[in-house]
Structure formats: C-alpha cells, structure tokens
Amino acid sequence: MGTMATDWLGSIVSINCGDSLGVYQGRVSAVDQASQTISLTRPFHNGVKCLVPEVTFRAGDITELKILEIPGPGDGQPLGDPPPAEPGPAGPHGPGKAAKKAAACSSAPQSIPRRTDARGQDVAVSPQQQCSRSYVDRHAEPLSQAKGFRRRHNSWSSSSRHPGQATPKKSGLRNGQAKSKDEECFGEDAGAIPDTDFDFEGNLALFDKAAVFEEIDTYERRGARARGVPSERPARYRHDENILEAEPIVYRRISVPHTGSKEFCTDSGLVVPSVSYELHKKLLSVAEKHGLTLERRLEMTGVCASQMALTLLGGPNRLTPKNVHQRPAVAVLCGPHVKGAQGISCGRHLANHDVQVVLFLPNFVKMLEPITNELSLFSKTQGQQVSSLKDLPTSPVDLVINCLDCPENAFLRDQPWYKAAVAWANQNRAPVLSIDPPARELEPGIDAKWSLALGLPLPLGEHAGRVYLCDIGIPQQVFQEAGISYHSPFGCKFVIPLHSA
C-alpha cells in the first residue's frame with residue numbers, strides 16, 4: 001500500500017467536496033494511507049488560486065475524485081508501471097470509483113517510448129495513455145468546466161505549471177527540445193511579459209495637450225502663409241451652436257394698408273396687426289369670390305372653436321370612457337345671424353364628441369339659409385335646442401359660448417330676449433368663450449374669458465379677455481388681393497394665442 005500511495009505523487013486531480021466546500025484542483029503532494037488523507041500543492045478552489053501553498057483533505061470529506069493528468073516518465077514515474085490507485089476513501093468494499101476506472105483502462109504494465117523521438121515517426125501509445133487521453137478528450141478543459149467556473153487567462157493551467165511537468169502536446173522542436181505552449185503562442189520571450197498593469201493615468205500625465213495643439217496651430221499658420229492665405233484663425237463653435245449661417249429673423253411679416261389701433265404678437269414673437277371691421281369684411285368677400293364660401297368658413301370655424309372648447313373643458317383628462325357619468329355641459333347662446341350660425345356649427349361638433357349641449361336660439365319668422373342648414377344638422381345630434389330662457393339650465397354649466405353679438409344687427413340688443421340672455425350668462429358664473437366678437441364693447445354685454453378671432457383679429461378691448469386667432473383657410477393670394485401682405489403665423493397649429501404688443 002505504501003508503494004501504491006507513492007505512485008499518486010505528482011498526479012493532477014480534481015476533488016469534489018460537496019456544495020459546502022466546493023471543488024479543488026491541484027497536484028498530489030502526499031498520500032497518507034493510515035490517516036486516510038491526501039494533500040494537494042498549488043491548489044485551486046472553484047477556479048481561484050488559493051492563498052495557501054498546500055491543502056489536505058480527509059477521505060470522509062471527498063465526494064468525488066477525478067484524475068486530470070497522470071505524470072509521464074519524465075515526471076519521475078518509472079516506465080512500464082501501472083497507473084496509480086486512487087487515494088479516495090478506502091472502505092471495506094475496496095478502492096474508490098476512480099481507481100476502478102483506472103484499473104479497467106489497463107490491466108498489465110506496458111512500456112512507453114520516449115517523447116523525444118524524431119518527428120513524423122509513429123509513436124506507440126500504451127493503454128495507460130489511451131485511458132488518460134480518452135478521459136481528457138471527454139472532459140476538455142476540465143478546470144473551466146468543473147462546477148461551472150470559467151478558464152482564466154494566466155491561470156494555473158496555462159502559465160503556472162510545475163517546472164518539472166511535461167507538456168502533453170508538442171507542436172515543434174527548438175534545439176532538440178520541445179517548445180512550451182506559451183512559447184508557441186507568444187514567442188520565445190514569453191517570460192519577459194510584465195505582470196504589472198499598465199499605468200494609464202501616469203502615461204496620460206506625460207502628454208502636454210496644450211503644447212501639442214499649439215504646435216498644430218503653428219504648423220497650420222505656417223502652411224497658410226506659404227500658400228498665401230491670411231493667417232486668421234477660423235471661428236470656433238461650441239457644441240450647442242449652429243455652424244450654418246442663418247438669415248435674420250423677421251418678426252413683422254404681416255402688414256395691412258391702414259395700421260390698426262392695436263397690435264398683437266404670438267408666442268414666438270411674430271407681430272399680428274389688427275384690422276378694421278371693414279377690411280375684415282372685404283377679406284371675407286374676396287375669399288368667397290375665390291371659392292371659400294360661407295358654408296366652408298362656417299365648418300372651419302365650428303371645428304376650430306369646438307377643438308378650443310374641448311381643450312378648455314379638460315381635454316383628455318375629462319373626456320374619457322371612464323368618465324362618462326360626468327359629461328361636461330355647455331350652453332351655446334346664438335343670435336339670428338351669421339355669427340349665430342357659427343355657434344350652431346360649434347355646438348354640433350361638441351355634441352358629436354359626447355358633450356351635453358344646450359343651444360339657445362330665439363324664434364323668428366324668417367331665418368337665414370345658413371342658420372336653417374346648421375339647425376338641420378344639429379337636430380341629428382343628441383344636443384338640445386331651446387328657444388326660451390326658462391329652458392336653460394338653472395345650475396352652473398362648464399362653459400358658455402357666446403354668439404349673440406353682431407355689429408350689423410345692433411338693434412337686436414334692445415330685444416327682451418337678448419337682455420335676458422345676457423343676464424342669465426352673467427348670473428351662471430360659468431367661463432365664457434366668445435366666437436368672433438365685435439371690436440367695440442357694447443353695454444350691456446357679456447364679459448368673456450376667452451375670445452376667438454377669425455383670420456386676422458379686430459382691435460378687441462378688455463371685455464374680450466384673452467384673444468386667440470383661428471385659421472379658417474384663407475389662402476395667401478387672397479390676403480394680397482385684399483391689400484394685406486401676409487405670412488402665416490400659425491406654424492403647426494390652427495388656433496394660436498395672441499398677446500397684446
């Protein structure tokens with residue numbers, strides 16, 4: 001048994017000690033049959049080199065023992081000796097599993113020729129080597145596959161071999177001696193590779209950036225003088241600057257024949273002058289002559305006004321399928337004129353968007369054709385039309401849309417229904433949106449919080465509240481024919497806010 005124990009010395013084995021202790025690899029340095037222990041030198045624990053030079057294991061702690069490499073003749077083992085028995089846990093049933101596997105590979109001693117034979121000759125291989133090679137072939141890179149740990153560069157398997165260990169594979173001879181793997185990969189000076197890391201910070205500190213750039217600038221100036229180019233340095237730009245030269249911004253791109261008494265400006269700073277009621281009326285007549293009829297303007301006004309009203313009512317935060325039990329209520333006050341038809345169109349679009357609309361329009365014997373057409377379309381919605389102020393909601397609504405005033409029908413302001421409608425709107429305590437209100441403040445009237453102007457604004461006063469401008473689709477050449485130099489201030493929107501300049 002003592003002779004068998006000494007045969008294990010120098011073998012490279014892998015010892016599995018279970019989940020608690022892990023897997024160890026190393027070269028067998030001592031085997032004690034009496035105390036049932038085995039010692040490994042230069043051990044690796046789970047792929048990481050241990051800090052201690054030697055580790056000793058008891059037979060009871062070993063779960064599995066694998067032979068990774070058997071020492072050859074050059075490693076001190078006599079030629080022709082059988083493979084050593086595994087120093088696993090010996091019990092009453094005989095040697096361990098690895099010992100039985102080694103015994104199965106070879107049953108009789110065989111002679112092994114020396115590895116320094118000439119290249120190209122057929123080399124006889126013993127059953128021992130066949131067993132070892134077949135085991136290595138089946139378990140390629142055992143150090144990197146055991147228990148899931150990975151092979152690392154400069155690990156024990158590549159550069160930390162024992163000085164006396166023979167390399168299992170040779171690809172060439174140098175001066176009659178076989179080259180190692182490191183010499184084959186890195187050349188003959190593999191040992192001269194430094195182990196210390198490169199000092200990037202120290203090397204970078206040696207670089208004088210200012211001096212190098214000054215040298216580059218000097219070289220460029222000398223080359224410019226040699227070519228006869230002025231030595232002025234080119235302009236340098238920051239990362240957030242535009243290198244393309246842009247034209248100066250013109251903020252006044254709309255001009256009217258007679259400057260109004262008031263000017264507005266957009267959020268981007270573009271100046272929008274106001275126009276008189278006569279010029280505004282002329283603009284609409286020219287547009288109608290070119291095909292922009294009243295019906296098309298009513299539809300455009302209704303769409304833009306309803307979109308603005310939906311935004312004022314809360315937009316997507318209010319009009320959602322989960323909030324159908326709290327539908328917003330809107331009261332639309334209309335007169336028997338074109339501005340009233342604009343309010344009816346707006347009410348129709350609001351009703352189509354699931355808004356509770358109550359439309360007030362007084363009874364008249366004769367109605368304009370645009371009003372009749374709009375009422376016919378509104379009657380197809382779920383909106384409610386009333387002609388008496390008693391039928392208007394008694395509780396506050398979410399929004400009041402005012403379309404009562406018209407400069408051409410000023411006599412309507414003396415009608416009892418008009419005064420009653422104004423009184424109801426002022427007592428309802430709901431915010432008011434006026435569509436295309438007149439320029440002058442007429443008493444008594446409804447104070448609006450917002451006002452929507454069409455095309456170009458009139459010189460609205462404080463009673464109009466915050467002024468918004470609506471694009472009703474008038475082409476640029478129509479403006480020019482009406483005597484207005486025009487460039488659209490709307491950008492990507494159809495309704496924009498205006499501020500007093």
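General remarks:
- Every test in (1) in a loop (DSSP other than H, G, I, E, B); (2) at pLDDT 85 or above is passed by LEU79 save one, and that test is (2).
Residues are listed down the side, and each one gets a yes or a no for (1) within 17 Å of VAL332 (Cβ to Cβ); (2) among the aliphatic types (A, V, I, L, M); (3) out of contact with any helix residue (DSSP H, G or I) (no Cβ under 6 Å at 6 or more places or on another chain):
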{"position": "ASN428", "(1), (2), (3)": "yes, no, yes"}
{"position": "LYS449", "(1), (2), (3)": "yes, no, yes"}
{"position": "PRO457", "(1), (2), (3)": "no, no, yes"}
{"position": "GLU462", "(1), (2), (3)": "no, no, yes"}
{"position": "GLY465", "(1), (2), (3)": "no, no, yes"}
{"position": "GLN480", "(1), (2), (3)": "no, no, yes"}
{"position": "PHE494", "(1), (2), (3)": "no, no, no"}
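- Any pair with Cβ under 6 angstrom, 6 or more apart, that starts in the stretch 262-287 at a residue that is of a type in the set (Val, Ile, Thr) and ends at one that is buried (at least 16 other Cβ atoms within 10 Å of the Cβ) and assigned to a helix (DSSP H, G or I): VAL286/VAL478
- Residue within the stretch 296-315 that is crowded, with 17+ Cβ neighbours inside 10 Å, of a type in the set (S, T, N, Q), part of a helix (DSSP H, G or I) and within 36 Å of the chain's Cα centre (by Cα) present: yes
Every residue, every condition in (1) under 26 Å from VAL467 (Cα atoms); (2) out of contact with any Phe, Trp or Tyr (no Cβ under 9 Å at 6 or more places or on another chain); (3) without any contact (Cβ under 8 Å) to a residue 24 or more places away in the chain; (4) assigned to a helix (DSSP H, G or I), yes or no:
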position: VAL358; (1), (2), (3), (4): yes, yes, no, no
position: PRO362; (1), (2), (3), (4): no, no, no, no
position: ASN373; (1), (2), (3), (4): no, yes, no, yes
position: THR394; (1), (2), (3), (4): no, yes, yes, no
position: VAL397; (1), (2), (3), (4): yes, yes, no, no
position: ILE401; (1), (2), (3), (4): yes, yes, no, no
position: GLU408; (1), (2), (3), (4): yes, yes, no, yes
position: VAL422; (1), (2), (3), (4): yes, yes, no, yes
position: ALA425; (1), (2), (3), (4): yes, yes, no, yes
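- Answer residue from the stretch 253-267, given it is assigned to a loop (DSSP other than H, G, I, E, B) and surrounded by 16 or more Cβ atoms within 10 Å (Cβ to Cβ) and is modelled with the lowest pLDDT among those: GLY260
- Some residue of the stretch 353-360 being closer than 23 Å to ARG327 by Cα and out of contact with any strand residue (DSSP E or B) (no Cβ under 7 Å at 6 or more places or on another chain): yes
- Residue that is surrounded by the most Cβ atoms within 10 Å (Cβ to Cβ) [pool: residues in the stretch 6-42 that are assigned to a strand (DSSP E or B), within 48 Å of the chain's Cα centre (by Cα) and not hydroxyl-bearing (Ser, Thr, Tyr)]: GLN25
- The residues on offer are ALA331, ALA425, ALA351, ALA421, and the sole one that is buried (at least 20 other Cβ atoms within 10 Å of the Cβ), closer than 17 Å to GLU299 by Cα and among the small types (Gly, Ala, Ser) is ALA351.
- No other residue among LEU284, LEU270 is of a type in the set (A, V, I, L, M, F, W, C), touching a Gly at 6+ places or on another chain (Cβ under 8 Å), within 29 Å of ARG252 (Cβ to Cβ) and crowded, with 16+ Cβ neighbours inside 10 Å apart from LEU284.
- Checking each residue in the stretch 447-501 for being of a type in the set (Phe, Trp, Tyr), surrounded by fewer than 17 Cβ atoms within 10 Å (Cβ to Cβ) and touching a residue at least 24 places away in the same chain (Cβ under 8 Å) picks out only PHE494.
- Scoring LEU404 on the criteria (1) exposed (fewer than 15 other Cβ atoms within 10 Å of the Cβ); (2) within 23 Å of VAL495 (Cβ to Cβ) leaves a single failure, condition (1).
The values are calculated or read from the model by the stated rules, or taken from the named source; none is laboratory data. As the structure is a prediction and not an experimental result, all values here were calculated from the model. Cβ atoms come from the backbone with ideal geometry, glycine included; neighbour counts cover every protein chain shown.
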